[in-house]
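Input: a single structure, listed below in structure tokens.
The values are calculated or read from the model by the stated rules, or taken from the named source; none is laboratory data. Small disclaimer: the values here were computed from a predicted structure and weren't measured. We place every Cβ from the backbone using ideal geometry, glycine too, and count neighbours over all the protein chains shown. SASA here: full protein model, heavy atoms, side chains in, ligands and nucleic acids out. Shrake-Rupley method; radii C 1.70, N 1.55, O 1.52, S 1.80 Å.
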Amino acid sequence: MNRFVLRSVKQCLVNGQRYYGSGGGGGGLVYGSSVVGRSVHLSGQRNGVMFGGFEWRRMMSSAPASMEKAPSEKKEQEKEEMKGKDMVASSYWGISRPTITKEDGTVWPWNCFMPWETYKADVSIDLKKHHVPKNFLDNLAYRTVKLLRIPVDLFFQRRYGCHAMMLETVAAVPGMVGGMLLHLKSLRKFQQSGGWIKALLEEAENERMHLMTIVELVKPKWYERLLVLAVQGVFFNGFFVLYLSSPKLAHRFVGYLEEEAVFSYTEYLESIESGETENVPAPAIAIDYWRLPKDARLKDVITVIRADEAHHRDINHFASDIQFQGKELREAPAPIGYH
């Protein structure tokens, strides 16, 4: 056993000289000596004999005694070093986000959207517009939307916040499906889309931001989350098949769906004005996304969301009208940025 200890000490001395000789500066010296000191100290503990590991470490180190840190301080230093390593790893490919500030000079707090994607909603839009069904496909779309509203109203009743949450999880799907299929069509046929890919993806993103705002106000229960999963799975696949088979019917269906959204948000506003729903302060994400005043309330948020839904109503009825006239969407300029 003593021979084993002596061999360990000898090996540590050899390693220490190797590190000492190869170290280009103080950093290499401290690193090598700390390894030697630790090895000696542990060897002494195993054999029940203290070889003065602490003194040895002090002797071989170029750092003064005052720089010996307490265990808690060492842990903090290790955490900082790990943070530094993470930053180096994330910037290895040269990808880093520049510092973005608001108009008042404060740092932009959001990663999900940027300042140039924000806007002031046009709340002067006509909320009472309605496309009167003119043919079989129009009636099919209209009656389907009305039929789907019945179980939703029965389930949520006057819980307008939860109703809005469910509505947005559905309303954010058509734009993504339509934009994706138009994107693939453009690739297959080597054709421009007339801006409709961007317009439909903008619609999907806008609807998603509605949802991100609503969930700041309403915390869904576990069974509502399960319902969202089920509805999204069924609706995505159903709408995907519908858009492949008849894009004009798909856009007409979304147009009527948005008409119902306008009606639902109007009911939500009426409940706020009557005092049934508390007019709480607007979430920070809504203030920045719609450029609302700092003292904006829930009523202001629902007002701009309703205006967005009315714009989506017009876009989808417009897209359906183009295709009912026997034309393709790319033949008519898309209303990009039309929220």
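As a rough guide to protection, the peptides 292-298, 274-280 ranked by mean Cβ packing within 10 Å, highest first, stand as 292-298, 274-280. For Arg297, the residues whose amide H sits under 5 Å from its own are Ala282, ignoring neighbours fewer than 5 places away on the same chain, with H placed 1.01 Å from N.
Placing a label point 7 Å from the Cα of Asn279 along the Cα-to-Cβ direction, the residues of segment 253-270 whose backbone N falls under 18 Å of that point are 265-270. Here segment 136-331 exposes an accessible surface that is 62 percent carbon and sulfur, computed with a 1.4 Å probe and the other protein chains kept in place. For segment 136-331, the calculated P(r) over all alpha carbon pairs, in 10 Å bins from 0 to the bin holding the longest distance, is 9, 35, 34, 18, 5, 0 percent.
When each of the peptides 241-252, 105-116, 120-131 is scored by how many other beta carbons lie within 10 Å of its residues on average, the order from highest to lowest is 241-252, 120-131, 105-116.
Taken along the Cα-to-beta-carbon direction at a fixed 7 Å, the label points for Leu227 and Ser96 span 4.7 nm. Per residue, the accessible area of segment 136-331 comes to 47 Å² when a 1.4 Å probe rolls over the protein heavy atoms. Note on segment 178-240 and segment 268-339: Cα centroid distance 15 Å, given to the nearest whole angstrom.
Along the Cα→Cβ direction, 7 angstrom out, place labels at Gln192 and Lys146. What is the inter-label distance in nm? Going from the Gln192 label point to the Lys146 one covers 4.1 nm.
Projected label points at Arg291 and Glu270, each 7 Å from Cα along the beta carbon direction, are separated by 3.2 nanometres.
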